[in-house]
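Bear in mind that the values in this text are calculations on the coordinates, not laboratory data. Model, not experiment: these values are computed from the prediction. Note that each Cβ is placed from the backbone with ideal geometry, even for glycine, and that neighbours are counted across all protein chains shown.
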Amino acid sequence: MLPSAAFMSQHLDSRTDLYHGLFRWEQLATGEPQLSRHPAAPAAIPDPQSGRLLRIATVDASARAICPSCSTAGAGGFVSFVQDLRLVYACPSCLELVWLPGA
C-alpha cells in the first residue's frame, strides 16, 4: 500500500468526492483496498480536458488490474462511455481515475 493511501484509508468513510461518486472504497480483512459500485452513481462524469459531460455506458467494479499510474495491482474499477472510446481505471491504491487512451 502506498504511504499516502494508508493515511487516506483512515479517512475515506467521510469522503464523497472520490471517483466522481462512481465507486465506494473498501478495505478487505486482508488490508487490501478494493472498489465496489456506488448504488447512487451518476449517469455522466466530466471529461478532464474539456469539462464536457461524458455519458457512462458501463461500470465494472472489483476488476483485478495493474494501475497504469502507480503500477500497483488491485481490485479497482473500469468505466466505459457512450460515443467515447476511452476507458477510465479507478485505482484503489492511488485513489485516482486514470484515463486510458481510446482506440
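Amide H contacts of Leu54 (H built 1.01 Å from N, in plane; Pro and chain starts excluded): Ile45, Asp47 sit under 5 Å, all sequence-distant by 5 or more or on other chains.
With the simple model of a label 7 Å out from the Cα in the direction of the Cβ, Asp60 to Ala73 spans 1.8 nm.
A crude spin-label estimate for the pair Val98 and Arg52, with each label 7 Å from Cα along the Cβ direction, gives 2.6 nm. 3J(HN,Hα) couplings calculated from phi for the stretch 90-98 with the Karplus curve 6.51 cos²θ - 1.76 cosθ + 1.60 (θ = phi - 60°) are, in sequence order, 9, 8, x, 8, 8, 6, 10, 8, 10 Hz; Gly and Pro show x. In this structure, the amide hydrogen of Thr72, modeled 1.01 Å from its nitrogen in the peptide plane, lies closer than 5 angstrom to those of Cys67, counting only residues at least 5 positions away or on a different chain. Amide H to amide H distances under 5 Å link Val98 with Tyr89, Ala90, Cys91, where only residues 5 or more positions off or on other chains count and H is placed in the peptide plane.
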